[in-house]
């Protein structure tokens, strides 16, 4: 096959029972994409053709509607009487299934970061009125590294805005919530249960319920309590047992009420050191959680904040180290995440800045005159976010505009403070 719709085929990536997927070239935007083509015979199937069409249409209908860095993007779609295709973001790494075997488990912190990113993606989807309903390792892809994840395959999604009819009898029983097994009406909390099962499997290499057949598994899901993950992997802390147990509660009302709540507990477990005391690593989940409550980023959406996490340089500086030198040319600005810095000019102290405050922003705001107007020195051991102006240019227009607005707000605040000092003096 040379083309799928208007997309030249580079190679076949794989196939399932009802469709095949190709790596294609997008000639319009000069990028590689994954194109799923449904088999015509699946649509013509006398018993299940209508269901296959509905599943395919459900996924296609989300084209351009779920724009999140941890959701595989759907760019384009088309469906006819006996044909259909969906053009998606190409995610080259593979699926999380690879890391669900005992011999290939990821580090505990990596697993927690993956699940955290999934909770943020689900929080976004749920806010858009979309419940995935088929969260499982095979539908979580990774790109450049195992923690660079995307949730994919929204064929079973329920979009409350579209008033879709509930689809039953399809999905992956091992990851289904009890209410989904019983074919009852479900809401966003079914995704949180399924993600709890995925977390259990990524942490231990086994499923929480392992029946000898489908009916035995279904009975256990609806009637039995799963053993804690730490019973399968001794080094797992009780905090993760507690998180998985809450996510997998039989009654939806006893689970996390939202993906945001699930995410908050994951961050708390990370900060507690996952049972190992102080942590040396500071991953994407930590960075996102640190930035989210800072006033400077209040207007940033989750998508824009993930851009900042990806583009910024993070580091620690000891007390006494000069971060910015007066009179030097500057090509970056900073935000103080932890610690304290002193701002001075001609060796005279101007001000002291604390966490959440920025400095060096004139390198971005005044490209024509990038010389530093003051010296900034760490007054205590500090954690700094450093953003190079050239790197920020790679961000989306929306993200850059939020930086502009935040800096303008800071400048107005400083002018008002200066005017107050002048009039009171």
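Readers should treat all values here as calculations from the given coordinates under stated rules, not as data from a laboratory. From a predicted model like this one, the values you see are computed outputs, not experimental measurements. As a convention, Cβ positions derive from the backbone with ideal geometry for all residues, glycine included, and neighbour counts pool all protein chains shown.
In this simple spin-label approximation, residue 107 and residue 253 carry label points 7 Å from Cα along the Cα→Cβ vector, and these lie 4.2 nm apart.
Remark: the residue 420-residue 401 segment gains 4.0 nm on full extension, using 0.36 nm per residue and subtracting the alpha carbon distance. Computed over the Cα atoms of segment 299-424, the ratio of the radius of gyration to the Kirkwood radius (Rg/Rh) comes to 0.96. Seen against the Cα atoms of the chain and their longest principal axis, helix 302-311 is set at about 60 degrees. Remark: spin-label model distance residue 51-residue 214 equals 0.9 nm, labels positioned 7 Å along the Cα→Cβ axis. Sorting 390-402, 261-273 by average packing, meaning the other beta carbons within 10 Å per residue, from highest down gives 261-273, 390-402. Which of rounded, prolate, oblate describes segment 1-90, given a ≥ b ≥ c as roots of the alpha-carbon gyration tensor eigenvalues and a/c under 1.5 marking rounded, otherwise prolate only if a/b is larger than b/c? Judged from the Cα gyration tensor, segment 1-90 comes out oblate (a/c at least 1.5, b/c at or above a/b). Between the helical axis of 214-223 and the dominant principal axis of the chain, each derived from Cα atoms, what acute angle in degrees is found, rounded to the nearest 10? Value to nearest ten degrees: 50.
The coefficient of translational diffusion for segment 93-281, derived via Stokes-Einstein from the alpha carbon Kirkwood radius under 20 °C and 1.002 mPa s, stands at 129 µm²/s.
With a 10 Å radius around each residue's Cβ, average the other Cβ atoms per peptide and rank 178-187, 129-138, 377-386, highest first. Kindly include the intermediate steps, with their values, before the conclusion.
Working: 178-187: 15.4, 129-138: 22.0, 377-386: 18.0.
Going from most to least packed, we get 129-138, 377-386, 178-187.
Using 0.36 nm times the number of residues separating residue 328 and residue 97, minus their current alpha carbon distance, what extension gain do you get?
Details: separation 231, 0.36 × 231 = 83.16 nm, distance 5.08 nm.
The span from residue 328 to residue 97 would gain 78.1 nm if fully extended.
On the beta carbon distance between residue 271 and residue 67, with R0 = 25 Å, the FRET formula returns roughly 0.30. Of the peptides 46-52, 29-35, the order by per-residue mean of other Cβ atoms within 10 Å, starting with the highest, comes out as 29-35, 46-52. The C-alpha atoms of the chain define a longest principal axis, and helix 189-204 lies at about 80 degrees to it. Label reach from residue 281 (point 7 Å along Cα→C-beta): in segment 224-264, no amide nitrogen lies under 12 Å. Divided by 2.2 N^0.38 Å, where N counts the residues, the Cα radius of gyration of the chain comes to 1.14.
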